[in-house]
Amino acid sequence: MASIQLHQLTLSFGEKKVLDSITHTFHDGITVLHGNSGVGKTTLLHAIAGIYTDYTGEILLQPKDRLAYCLQEDLFFSNLTVQENMHLKYVACEKPEENETEEVLETLSLFGIEALLTCKAKTLSGGERQRLKMAMLALTKPDIVLLDEPTAKLDDDNIANTLAVIERVWQDKLLLIVSHDKLSFSKPITEICMQGGKLQ
Amino acid sequence: MKKRSNDGSCAKLLLKKSSGHLKISLAIFLASITITGIIGLLYARQYFQYEKDFLENVAMRTITVERYFGNQSVRSVSFTDVSELTRILDKEFPSTKTTVIPVYRPNTGFTVDESPINLFAVERSHSFLVDLDDMLDNTAYSISQQPKTIGLEISVITEITDNGFVSGVLERVILNTELGASRNTPILSTQNFFPSMLEYPTFFVNMDTFHEIASIFLNREIVSMQDATDSGLISLQGIFVYVDDLRLVSAVASFLMEQDYSAAAPADAFDNFGETLSVAFMVFLLSSICLICMTTVNIILSFRSFYRVQQKDMGVLRYMGFGNKRIYKMYRKNLGIKFLQIMGVSALLIFMAGMILFSFGHWFVLAAFILSLAAFLCLLFIAISRFIIYSYVRQELLVLIRESKEFE
């Protein structure tokens with residue numbers, strides 16, 4: 001069982017307290033963080049992912065748990081192919097070379113984009129790009145997945161497809177999603193509203 | 001090892017993300033360093049030509065002495081002037097090596113195949129005066145192509161009268177010939193040697209060979225060259241004063257004129273040439289430094305802007321899971337490949353230019369230019385990788401991914 005324990009987590013940018021003494025524990029299953037812009041949702045994910053380190057308080061993860069964080073930006077190389085992007089991710093994770101082809105294909109098929117292997121990333125649609133980002137994360141076999149606005153800029157069909165894929169692939173993992181949108185999953189999820197740097 | 005080779009494949013993928021802007025900058029850089037190198041070679045060639053024509057040219061260090069103006073009369077220099085000149089020069093210039101070289105010629109025409117020739121005698125130790133390393137016995141050194149051997153026809157003097165001389169039999173002396181004596185020797189620039197005389201074959205022999213020829217010519221054993229010149233049938237073509245230190249040639253010539261000797265020093269005519277060349281060299285040096293500086297600044301700025309717009313790429317790599325060191329090594333490797341390509345092409349072009357300019361000579365200059373180029377590129381490579389790539393790579397992930405757009 002994976003978990004994220006936050007204890008008195010506080011983070012300020014200058015005078016502004018973005019995260020204000022948050023104490024909370026996230027468990028396996030899907031948790032969606034809602035809230036207006038600027039309330040600290042993404043900052044919280046950044047802090048959990050280790051991008052921000054100048055916070056006070058504690059963030060406790062199980063040492064064995066692998067964490068994967070999908071930022072809102074398209075963080076892959078647009079003018080490389082899907083296969084080349086997956087190769088880079090695979091090498092970055094220092095996985096054994098001999099299993100690469102098999103594992104990459106398997107992961108891409110989990111997200112339904114195995115047919116796009118030789119397509120350049122810049123030719124992919126918004127939904128396909130989102131799937132590629134998540135497929136790259138899935139290569140690391142994470143126990144905790146942080147997703148920042150996974151449905152942003154997607155049309156309704158793509159939102160539904162993306163959420164279905166997320167649920168299928170990571171249903172038994174700790175999944176923490178930040179979203180402006182109302183997200184519909186087939187299984188019950190935890191929804192938390194964030195306001196003024198605090199979890200409500 | 002596996003990880004390393006995999007990182008290499010990632011570096012290759014990054015290299016595939018080529019940049020038109022950087023390619024243009026690299027092409028300009030390549031052109032600049034190649035042009036600088038070729039201009040440098042041109043100047044080096046000019047310097048070598050200057051060295052050959054002036055610094056190493058015996059004629060530039062040689063003062064021709066043909067007349068003596070003392071005692072209110074004018075006379076040609078004679079055998080006794082050789083020792084007198086040696087004495088006064090040793091006294092006046094004790095720390096400078098000056099060599100007084102007499103050159104002799106027969107006053108009457110010797111022939112080869114009944115055609116007139118010019119014949120001069122030079123001490124073997126003074127072969128350098130005709131641009132030769134050595135002058136062997138029984139060998140006539142020519143300034144133009146001649147048969148392998150010549151039969152020197154000598155009219156043997158049977159009687160010397162008040163009106164001249166009577167010659168009897170014609171004796172032939174067989175001499176080997178060697179091409180290689182210099183047409184620019186000061187011997188052929190004396191007042192009593194007219195350019196039209198170059199129409200006839202011109203030979204130089206060493207003094208021992210000339211002794212034998214003179215003995216046959218005078219029909220008696222000659223004791224010394226003074227003995228030969230006293231006959232009036234052998235004379236001094238001139239006395240040549242060789243000054244080891246080029247800077248003192250003018251001073252020695254002035255001194256000789258003060259001593260009532262005629263003294264012609266070709267170096268006087270080129271007083272400003274060395275200065276002109278020095279100025280030209282300084283201009284080259286300064287312009288090369290400026291060109292290299294501008295090129296270097298240009299390429300550094302190009303790489304700086306190239307890597308600045310690549311910050312997002314670095315951020316993507318970091319986000320994917322590559323550590324700072326691995327990203328730095330990938331970019332450094334790609335930079336190294338670019339620099340190797342530049343060095344290869346530039347070195348090849350400079351080498352080809354060098355082959356044309358130096359005609360396979362002065363290899364060390366060519367090697368020095370190429371090694372300098374390699375050293376310069378190495379320094380630039382280290383500077384760019386250490387101070388530009390590293391400074392970008394080590395930035396925070398969010399700074400990297402938000403400071404720029406992905407580079408395409």
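Some values worked out for this structure:
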| read-out | value |
| --- | --- |
| Residue satisfying all of: in region A:19-62; among the polar types (S, T, N, Q) and surrounded by 13 or more Cβ atoms within 10 Å (Cβ to Cβ); nearest to A:LYS198 (Cα to Cα) among these | A:SER21 |
| Residue match in region A:76-92 (condition: within 14 Å of the chain's Cα centre (by Cα) and open to solvent by less than 70 Å² (accessible area, probe 1.4 Å)) | no |
| Residues that are over 15 Å from the mean Cα position of the chain (by Cα), among the hydroxyl-bearing types (Ser, Thr, Tyr) and more than 13 Å from B:LEU397 (Cβ to Cβ), drawn from region A:34-61 | A:SER37, A:TYR55, A:THR56 |
| Cross-chain or 6+ apart pairs with Cβ under 9 Å, region B:37-60 first and touching a residue at least 40 places away in the same chain (Cβ under 8 Å) and under 23 Å from B:MET343 (Cβ atoms), then hydroxyl-bearing (Ser, Thr, Tyr) and part of a helix (DSSP H, G or I) | B:GLY37/B:SER346; B:GLY37/B:SER372; B:ILE39/B:SER287; B:ILE39/B:SER288; B:GLY40/B:SER288; B:GLY40/B:SER372; B:TYR43/B:SER288 |
| Residue selected from region A:156-200 under the condition open to solvent by 70 Å² or more (accessible area, probe 1.4 Å) and among the charged types (D, E, K, R), by the criterion nearest to A:GLN8 (Cα to Cα) | A:LYS198 |
| Pick from region B:15-29, criterion crowded, with 19+ Cβ neighbours inside 10 Å and modelled with pLDDT of 80 or more, ranking: farthest from the other protein chains (Cβ to nearest Cβ) | B:PHE29 |
| Extreme residue, modelled with the lowest pLDDT, among residues of region B:170-202 that are in contact with a helix residue (DSSP H, G or I) (Cβ under 9 Å, 6 or more places away or on another chain) and part of a strand (DSSP E or B) | B:GLU171 |
| Helices (runs of 4 or more DSSP H) within region B:314-405 that include 3 or more residues without any contact (Cβ under 8 Å) to a residue 40 or more places away in the chain and open to solvent by 10 Å² or more (accessible area, probe 1.4 Å) | B:324-358, B:363-383 |
| Selection count, region A:139-153, where residues are within 14 Å of chain B (Cβ to nearest Cβ) and either open to solvent by 10 Å² or more (accessible area, probe 1.4 Å) or more than 15 Å from A:PHE111 (Cβ to Cβ) (or both) | 4 |
| Filter result for the condition that a residue is in contact (Cβ under 8 Å) with a residue 12 or more places away in the chain, among the hydroxyl-bearing types (Ser, Thr, Tyr) and within 23 Å of B:GLN259 (Cβ to Cβ), over B:THR111, B:THR98, B:THR149, B:THR158 | B:THR98 |
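The values are calculated or read from the model by the stated rules, or taken from the named source; none is laboratory data. Everything quoted here is computed from the prediction, not taken from an experiment. Cβ: placed from backbone, ideal geometry, glycine included. Neighbour counts: every protein chain shown. With ligands, DNA and RNA removed, areas are computed over all heavy atoms of the protein, side chains included. Shrake-Rupley method; radii C 1.70, N 1.55, O 1.52, S 1.80 Å.
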